[in-house]
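Chemist: Below are the structure tokens for one structure; questions will follow.
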Amino acid sequence: MIILDKNTKCLVQGITGKQGAFHTEQMLEYHTNIVAGVTPGKGGQKFGPLTVYDSVEAVTEVMDVNTSIIFVPAPFAKDAAFEAISQLDTVIIITEHIPVQDSMQIMEYAQRMDTTVVGPNTPGIISPGVGKLGIMPAHIFQPGDIGIVSRSGTLTYEFAHQISRSGKGQSTCVGIGGDPVVGLEFATVLQKFEDDPDTRAMVMIGEIGGNAEEKAAQYIEKNISKPVIAYIAGTTAPPGKRMGHAGAIIEGDSGTAASKIQALEEVGVHVVEKPSDMVNIIKEF
Amino acid sequence: MKLYEHSAKKIFQKEGIPIPPGEIARSGEEAQMIAEKMKKAVAIKSQVLVGGRGKAGGIKFTDTPQKAAKITRKLLSTQIKGEAVNMVLVEHKAEIQKEFYVSIATDRSSRKPLIMASGEGGVDIEDLANNRPEKIIKYHVNPLDEFLPYQAREIARKMEVGSEFISSVGAIIWKLFQVFQKYDAHLAEINPLVITPEGVLAADAKLDLDDDSIYRHSELKNLEEFESEEFAFVKLEGDIAVIGNGAGLTLTGMDMIKLNGGEPATFLDIGGGASPEIIKKALNLVIMHPPVKVIFLNVLGGITRADDVARGVINALKDTPWDVPLVIRLTGTNEEEGQRLLSNAGVSYETSMEDAAKKAVEICKSL
């Protein structure tokens, strides 16, 4: 498994908000190693078995922690992300609708501090059987040896669901996020799966917009030896329209599904045209 | 949110980027009055949000107010690439001595703002990038550092604008970057930036603002371009309405319709955690789109609960006279309860997205 493993010790920023509270309960129920919560002004309160602190630094002063998951609303998310990046190794930003200029600053700062940022606008990460840092429904996932990396939440569920029902399972599923500017790129996650002894094959789920899939194809050609199966959503999407995700837009000639499918097929990636085809391929492994 | 040229120019003017004098007209008479006041040749420019309006005949020039009226009436009765023209911008026709190109956009790949500039303006920038990429100057701005005026002048120098224009063109590039940041733009573009006897001017203006930043720009809510939307909803050419929970799953629903030989009529993403009321609203919204013959509702519940979806569907069927066939795929969180509710109400459902898409296309073809 990758990113989320037995060494993960995570705090929750925005733990007392509606989303933060609901999903913290779910994550604890899945036995995820959540160690504390942070909400400024609510230091000392209890949340189930957890203590709430006023800041990230207040947590790092008293315990060992390396990861944060952020649920704070978009207007405050940049502040929360900078706070986490300054202290921790991995930051998962669930929040949707963060202005792109804020995201660009967050990513630049993360690069300076050598912190991994997942998201924003991501369902998060799940390593089935070990824990989940995110909002995905855990019952869809099963432990196994397929790694999934995706720009889309519900489409991850669709593929994971079909893999689980076919009797196979997932090592780790990573949502990199549906925004135009995100932290983790496909290539970084694919490399982690390549290096991960628990992962035998990878499923990459892309969609229209940007050139992340084309960049991934270049990377796969040079660096990835394990099998990669890909699906690209949005073959039928019209140009110039944002299709749900802020990042899912064909701009001019760039970001079409056709261009991504071609780039991936050229480097030997098996691109399927529907989810059930992917399951049939995986069954043969 | 894309802005009309005239709205973008108002912002430019406020931030110190020079523009030609001009006013909006919504009728031939208004255009004639404006042209009379100007006592000069005018450009009459259709205000639309689609690109390429010049080539599509949306910009005309004239030197008499009577013709301005006539041209305006004609433009107001046309469509440009399917978009109706509701107003025109009547402005001084610039006496162009030289044209340049400047834009600032979010570069998704490097995750930084990217300034693109060229000594050759008034061109299709994608054509230029494909055919003569060496003519485009590219400059990434570090999002945590200040962009300084000398850096903008350096871009102007590389554009070969000529020494006498380095300062004025540099200042406009610098101010355009301030606009890009201050207004949270995805794109700020001047094409062309022109040298005229009156100085350097932004002859055109394009601004596409980040919808997610509107909360910190309350003044922009007054713009006519502003629409508050409950759903991510896109109308398409086909006849099968596609509704789904989540952008990727909805897109895939469309692709599955196409794969089975059908044509999607809508993209409608109900988002995560939709309540029965939202489901009902979504169904009623696509029904209002006349080409829709069949509805394909594709739900794999994560945060969205299948029982909530079932309740929404049942309520919608109860309250609306309903003659559009509905194909439902319902699985995920609380699926047993959702499927039981549908069965009790006599509504059939599928559990596989691919089977459901196939069924929707078959029904549509049989109508």
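Chemist: Just to be sure I understand, how many residues within the range A:202-224 are part of a helix (DSSP H, G or I) and among the hydrophobic types (A, V, I, L, M, F, W, C)?
Modeler: Step one: list which residues in the range A:202-224 are part of a helix (DSSP H, G or I), which gives A:212-223.
Applying the additional criterion that residues be among the hydrophobic types (A, V, I, L, M, F, W, C) yields A:212, A:216-217, A:220.
Matching residues across the range A:202-224 total 4.
Chemist: Residues to consider are A:ILE224, A:ILE281; find the one that is crowded, with 17+ Cβ neighbours inside 10 Å and more than 8 Å from chain B (Cβ to nearest Cβ). Explain how you work it out, then say what you get.
Modeler: Working: A:ILE281 fails: crowded, with 17+ Cβ neighbours inside 10 Å.
Matching residue, one of A:ILE224, A:ILE281: A:ILE224.
Chemist: Determine whether A:ALA36 is at pLDDT 95 or above and crowded, with 22+ Cβ neighbours inside 10 Å.
Modeler: In short, yes.
Chemist: Same structure, new question: Go through (1) closer than 17 Å to B:PHE147 by Cα; (2) crowded, with 19+ Cβ neighbours inside 10 Å one by one and return the number of the condition B:GLN178 breaks.
Modeler: (2)
Chemist: Can I ask one more? Condition first: more than 7 Å from every other protein chain (Cβ to nearest Cβ) and surrounded by 24 or more Cβ atoms within 10 Å (Cβ to Cβ). Now tell me which residues in the range A:228-246 satisfy that.
Modeler: A:VAL228, A:ALA230, A:TYR231, A:ILE232 - these are the residues of the range A:228-246 that are more than 7 Å from every other protein chain (Cβ to nearest Cβ) and surrounded by 24 or more Cβ atoms within 10 Å (Cβ to Cβ).
Chemist: How many of the residues in the range B:31-55 are more than 22 Å from B:LEU187 (Cα to Cα), touching a residue at least 12 places away in the same chain (Cβ under 8 Å) and not in a helix (DSSP H, G or I)?
Modeler: 5
Chemist: So which residues in the range A:247-261 are surrounded by 15 or more Cβ atoms within 10 Å (Cβ to Cβ) and without any contact (Cβ under 8 Å) to a residue 40 or more places away in the chain, if there are any at all?
Modeler: Passing the criteria: only A:ILE261.
Chemist: Can we say B:ARG329 is modelled with pLDDT of 95 or more and either buried (at least 19 other Cβ atoms within 10 Å of the Cβ) or farther than 20 Å from A:GLY244 by Cα (or both)?
Modeler: Details: modelled with pLDDT of 95 or more: yes; either buried (at least 19 other Cβ atoms within 10 Å of the Cβ) or farther than 20 Å from A:GLY244 by Cα (or both): yes.
When the stated conditions are applied, B:ARG329 passes them.
Chemist: Separate question: If you check B:GLU120 against the conditions, is it modelled with pLDDT under 95, of a type in the set (D, E, K, R) and either within 30 Å of B:LYS182 (Cα to Cα) or surrounded by 19 or more Cβ atoms within 10 Å (Cβ to Cβ) (or both)? Walk me through how you get there before you give the answer.
Modeler: Numbers: modelled with pLDDT under 95: yes; of a type in the set (D, E, K, R): yes; either within 30 Å of B:LYS182 (Cα to Cα) or surrounded by 19 or more Cβ atoms within 10 Å (Cβ to Cβ) (or both): yes.
Criteria met by B:GLU120.
Chemist: With the structure loaded, tell me whether A:ALA74 is buried (at least 16 other Cβ atoms within 10 Å of the Cβ), small (Gly, Ala, Ser) and either closer than 22 Å to A:GLY131 by Cα or in contact with a strand residue (DSSP E or B) (Cβ under 9 Å, 6 or more places away or on another chain) (or both) or whether it fails that test.
Modeler: Judged against the criteria, A:ALA74 is not a match.
Chemist: Exactly one condition in (1) of a type in the set (Phe, Trp, Tyr); (2) closer than 17 Å to A:LYS18 by Cα; (3) within 14 Å of chain B (Cβ to nearest Cβ) is false for A:PHE82; which is it?
Modeler: (2)
Chemist: Moving on to the next point. Can you tell me which condition B:VAL194 does not meet? The list is (1) modelled with pLDDT of 95 or more; (2) within 14 Å of chain A (Cβ to nearest Cβ), and all the others hold.
Modeler: That leaves (2) as the condition not met.
Chemist: May I ask you to verify whether B:VAL123 is assigned to a strand (DSSP E or B), out of contact with any His (no Cβ under 7 Å at 6 or more places or on another chain) and not polar (S, T, N, Q)?
Modeler: no
Chemist: Could I ask something else about it? Of all residues being outside any strand (DSSP E or B) and of a type outside the set (Gly, Ala, Ser) in the range B:92-116, which is nearest to the chain's Cα centre (by Cα)? Just the residue, please.
Modeler: First pass over the range B:92-116, keeping only residues outside any strand (DSSP E or B): B:93-97, B:108-111.
Narrowing the set further to residues that are of a type outside the set (Gly, Ala, Ser) leaves B:93, B:95-97, B:108, B:111.
Numbers: B:LYS93: 27, B:GLU95: 31, B:ILE96: 29, B:GLN97: 32, B:ARG108: 17, B:ARG111: 21 Å.
Among residues in the range B:92-116 that are outside any strand (DSSP E or B) and of a type outside the set (Gly, Ala, Ser), the one nearest to the chain's Cα centre (by Cα) is B:ARG108.
The values are calculated or read from the model by the stated rules, or taken from the named source; none is laboratory data. Only a predicted model underlies this, so the values are computations on that prediction, with no experimental measurement involved. Positions of Cβ are backbone-derived with ideal geometry, glycine not excepted, and every protein chain shown enters the neighbour counts.
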